[in-house]
Amino acid sequence: MSGRPLYGAIIVLATWISIEVAARLAKRRGLSAEHVWRAMLVIAPCALIGARLWFILLPPQSVVATGRTTQWLIANFFELNQGGVALWTGGLGIFGAAIGGGVALWWYARRHKQPLGAWIEIAAIALAVGQTIGRLANGANGEHYGVPTDLPFGVLIGEAERVGIYSDLQRFPLTTRFHPVWLYEMLLTGALALCLWRVWRRKATHNGNLALWYVFLYCSGRFFLEGLKVNVPRIGEANAMQVVCALCAAGAALALARRTVK
């Protein structure tokens, strides 16, 4: 894809800015910003591994159509061109990154006797900021687009980025515009980052509830956006990401309700 070099540059920029945001928020709460940079030595590789494993377990339809199923990616894990280890060919999942990074943050906080609740709230805000910037990379790469639309802000998608029935240029010529789902998600996470930050500033205690609100709101919004996308992983006929989002949103809502009752 033509946008691949720009994709990498944007992801690096998004990561750096999110780390800077976390460091600044830590200082405002009287926590050492040095922990942010030290923790990233553990969090970054764990997030990367988690993101790749997520892609391997739930590859999108366009990847499955080429024969690169979950079974193939695992069986050919060390194949350097298209195998599971081939990070450089693309294929990462934000949910896997959040899980891997979250486990690493939990381990780091326990090891260094840091307040986990405060740190996961900071991480939630920083993650939302990073996602907002990072989605520009998907736009540059012609990824995360939805079904055709007549709306004026629809985007053109090149032949190389077309998948499924939308590869038929007779039915869907190159002048066809598609929903820019990456832009919708960028607006979602940008609004989330702003709202979470405003609430965070006013809170006297930080017990992790803000991170649960992030999970609930993001997954609820992402559930509807996944319904627009044309290139999704499937479990049978079901959109796998919608299933994941529904479960995560329900789990976060349940956890918030139990904490409120207590």
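The values are calculated or read from the model by the stated rules, or taken from the named source; none is laboratory data. Here the structure is a predicted model, which means the values were calculated and not measured. So basically every Cβ, Gly included, is an ideal-geometry build from the backbone, and we count neighbours across all protein chains shown.
Observations, loosely collected:
- When the test is whether a residue is buried (at least 20 other Cβ atoms within 10 Å of the Cβ) and within 18 Å of the chain's Cα centre (by Cα), Arg135 passes it.
- Among the residues of segment 101-122, those identified as under 21 Å from Leu48 (Cβ atoms) and surrounded by fewer than 24 Cβ atoms within 10 Å (Cβ to Cβ) are Gly102, Val103, Ala104, Leu105, Trp106, Trp107, Tyr108, Ala109, Arg111, Ile120.
- Residues in segment 33-70 that are hydroxyl-bearing (Ser, Thr, Tyr) and within 18 Å of the chain's Cα centre (by Cα): 0 in all.
- Segment 236-262, subset free of Cβ contacts under 8 Å to residues at least 12 places away in the same chain and either of a type in the set (Val, Ile, Thr) or on the phi > 0 side of the Ramachandran plot (or both), residue surrounded by the most Cβ atoms within 10 Å (Cβ to Cβ): Val243
- Yes/no for Leu188 being assigned to a helix (DSSP H, G or I), buried (at least 18 other Cβ atoms within 10 Å of the Cβ) and modelled with pLDDT of 95 or more: yes
- Restricted to segment 35-93, and to residues there that are hydroxyl-bearing (Ser, Thr, Tyr) and part of a loop (DSSP other than H, G, I, E, B), the residue that is farthest from Gly236 (Cα to Cα) is Thr66.
- From the list Gly83, Gly101, Gly90, Gly117, the lone residue that is of a type in the set (Gly, Ala, Ser) and in contact with a helix residue (DSSP H, G or I) (Cβ under 6 Å, 6 or more places away or on another chain) is Gly101.
- Answer from Leu48, Leu6, Leu53, Leu25 - the residue that is touching a helix residue (DSSP H, G or I) at 6+ places or on another chain (Cβ under 6 Å), surrounded by fewer than 17 Cβ atoms within 10 Å (Cβ to Cβ), farther than 20 Å from Lys229 by Cβ and in contact (Cβ under 8 Å) with a residue 40 or more places away in the chain: Leu6
- For segment 153-169, the condition of being loosely packed, with under 10 Cβ neighbours inside 10 Å, touching a residue at least 60 places away in the same chain (Cβ under 8 Å), part of a helix (DSSP H, G or I) and of a type outside the set (Val, Ile, Thr) holds for at least one residue.
- In segment 170-185, the residues that are crowded, with 20+ Cβ neighbours inside 10 Å and outside any helix (DSSP H, G or I): Phe178, His179, Pro180
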